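A.B. asks: Pasting in a structure now, in structure tokens, and then I'll have a few things to ask.
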There are 2 protein chains.
Amino acid sequence: MKRTAFFISDGTGITAETLGQSLLAQFENISFTKLTRPYIDTAEKARGMVQQINAAAERDGARPIIFDTVVNQEIRDILAKSNGFMIDIFSTFLAPLEHELISHSSYSVGKSHSISHNAHYMERIEAVNFALDNDDGARTHYYDKADLILVGVSRSGKTPTCLYMAMQYGIRAANYPLTEEDMERLQLPTALKPYREKLFGLTIDSERLAAIRHERKPNSRYSSFSQCEFEVRETEKLLRREKIPFINSTHFSVEEISAKILVEKGVERRLK
Amino acid sequence: MKRTAFFISDGTGITAETLGQSLLAQFENISFTKLTRPYIDTAEKARGMVQQINAAAERDGARPIIFDTVVNQEIRDILAKSNGFMIDIFSTFLAPLEHELISHSSYSVGKSHSISHNAHYMERIEAVNFALDNDDGARTHYYDKADLILVGVSRSGKTPTCLYMAMQYGIRAANYPLTEEDMERLQLPTALKPYREKLFGLTIDSERLAAIRHERKPNSRYSSFSQCEFEVRETEKLLRREKIPFINSTHFSVEEISAKILVEKGVERRLK
């Protein structure tokens, strides 16, 4: 059975999209066509949306599910006339919150509000720059400024994880690739030793690592299963010996890995 | 007035955090202490949470607001005994959705489900790698594989925007810095000409640009206001002349810029 879902907002649509994705993921036996429609901020755009919704309803033979975070009442009234099943996120929760907080929300006075504001902007860009500048062991003399330093073999997922933590949480995360030399000596690289408490390891299944490396350098020693297997085994041995916490990234998304690292290290988000 | 808000989940907490942040942003006159608590997946951790919630209630002299996406009923029952005001996200919306979809959710059968799964993993990592490999004009011979190419002066926000679009939406975005030479000739660089339909410009206020560049290279020609003002003016002239759509990034978050670019270019998300 096929259903269409729309995530509609007069802003970026991120809230509608995140909540909608999460709710729809609970219905594993239904296949959804998901469409995000941000910046629906005029009556004209709203009427265009109604046409899209009604066309999908006809195509599917069933009402589309609409997740919306539109603030403007006129626009919501137009959307409500479509042949969709509305999950009106803000209306549902803001009334009980206003009651609890004994305060009117911007929503109830019809004012839009953008999510993440300028106070955060610089901090976040700085964190992204930090991750880029301190990627892959490029520089080691700023580790005193790092919130975290990820270690692991090449292509174990360190860079995307650092970038995600920077972007989402404003965390300054450096990363350092362990080399064969480090593994053979079974010692932490000298540059890392003073920052032991900031270290966190990423490992990965050897088959997965070989597949990822193969995309980059096909049929090389670097991407061979035996080399990957050696590096992963020795790295895990080193991390255990040095009592550095680590996680196997194979079966987790970047979000999951990041959240687990912050919990484990007790690091709080910098963007709030 | 000070209130504490908890975003609690047995997963990453991203849904609870995103929705909670969005709802609390509507109450501009209240200052919230926001705490994300992911992976609350045992009765013991839930009891620990209850203690934290009750301690915050005592400190603030008011109940904390709890946004939760916990699936397990036992854990939710424990949290419900705390002295917090619960916004139970999944319970609220899954019952009406089950009714509309004539289907039981994993939630109602007590099964957890992680949000973004492995099908997405490789596509997303590939997109992040694409953004990194094709950053700052480093390579131009993969532009045929790009979904988008951002152009603009150095430090106008191209790199974080490309990385965000890669991470969040799986979009392959390259970026190319316009140089003084391009501006003086008032012509698109040769490498970009075949890909005109993929181009999108980022500009920025000269004061903001000078401040950002000053962080990198203090008191240089590069960071001087007159140089920034010249580059921004000439770049905007070039973009207008070449009819390349652009946005001034100064007053928008990376999320907002990304969402606006996708709408403007009609590019659909690759991760769904």
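The values are calculated or read from the model by the stated rules, or taken from the named source; none is laboratory data. This structure is a prediction, so every number in the text was calculated from the model and none was measured. Note that each Cβ is placed from the backbone with ideal geometry, even for glycine, and that neighbours are counted across all protein chains shown. Protein only, heavy atoms only, side chains kept; ligands, DNA and RNA dropped before computing areas. Shrake-Rupley method; radii C 1.70, N 1.55, O 1.52, S 1.80 Å.
A.B. asks: Of all residues in the stretch B:216-244, count the ones that are in contact with a Lys or Arg (Cβ under 8 Å, 6 or more places away or on another chain) and either within 23 Å of residue B:160 (Cβ to Cβ) or touching a residue at least 60 places away in the same chain (Cβ under 8 Å) (or both).
C.D. replies: Total satisfying the criteria: 7.
A.B. asks: Can you find, within the stretch B:210-232, the residue that is least open to solvent (accessible area, probe 1.4 Å) among those that are basic (Lys, Arg) and not in a loop (DSSP other than H, G, I, E, B)?
C.D. replies: Filtering first and then ranking leaves B:213.
A.B. asks: Go through (1) closer than 20 Å to residue B:30 by Cβ; (2) at the interface with chain B (Cβ under 7 Å from one of its Cβ atoms); (3) modelled with pLDDT under 90 and name the single condition residue A:97 misses.
C.D. replies: So the condition that residue A:97 fails would be (3).
A.B. asks: Looking only at the stretch B:210-251, how many residues end up being closer than 13 Å to residue B:153 by Cβ and among the acidic types (Asp, Glu)?
C.D. replies: 4
A.B. asks: Can I ask one more? In the set A:257, A:247, which member is open to solvent by less than 10 Å² (accessible area, probe 1.4 Å) and in contact (Cβ under 8 Å) with a residue 24 or more places away in the chain?
C.D. replies: Just one listed residue meets the conditions, A:257.
A.B. asks: Mind listing whichever residues of the stretch B:179-209 are within 14 Å of chain A (Cβ to nearest Cβ), in contact with a Ser or Thr (Cβ under 6 Å, 6 or more places away or on another chain) and either over 15 Å from residue B:236 (Cβ atoms) or surrounded by 20 or more Cβ atoms within 10 Å (Cβ to Cβ) (or both)?
C.D. replies: Those that are within 14 Å of chain A (Cβ to nearest Cβ), in contact with a Ser or Thr (Cβ under 6 Å, 6 or more places away or on another chain) and either over 15 Å from residue B:236 (Cβ atoms) or surrounded by 20 or more Cβ atoms within 10 Å (Cβ to Cβ) (or both): B:202, B:204, B:208.
A.B. asks: Moving on to the next point. Mind listing whichever residues of the stretch B:129-158 are within 10 Å of chain A (Cβ to nearest Cβ) and either buried (at least 22 other Cβ atoms within 10 Å of the Cβ) or assigned to a loop (DSSP other than H, G, I, E, B) (or both)?
C.D. replies: Residues satisfying the conditions are B:131, B:155, B:157.
A.B. asks: While we're looking at this one, here's another question. Considering (1) within 30 Å of residue B:5 (Cα to Cα); (2) open to solvent by 20 Å² or more (accessible area, probe 1.4 Å); (3) modelled with pLDDT under 95; (4) not hydroxyl-bearing (Ser, Thr, Tyr), say which one residue B:86 fails and leave the rest.
C.D. replies: Residue B:86 satisfies every listed condition except (3).
A.B. asks: Would you point out the residue of the stretch A:260-272, among those that are within 11 Å of another protein chain (Cβ to nearest Cβ), of a type in the set (D, E, K, R) and touching a residue at least 40 places away in the same chain (Cβ under 8 Å), that is surrounded by the most Cβ atoms within 10 Å (Cβ to Cβ)?
C.D. replies: A:269
A.B. asks: Oh, and also: Does the stretch A:8-31 contain at least one residue that is more than 10 Å from every other protein chain (Cβ to nearest Cβ), under 18 Å from residue A:70 (Cβ atoms) and outside any helix (DSSP H, G or I)?
C.D. replies: yes
A.B. asks: Checking the structure you have, find out if any residue of the stretch B:47-59 is within 14 Å of residue B:87 (Cβ to Cβ) and within 10 Å of chain A (Cβ to nearest Cβ).
C.D. replies: no
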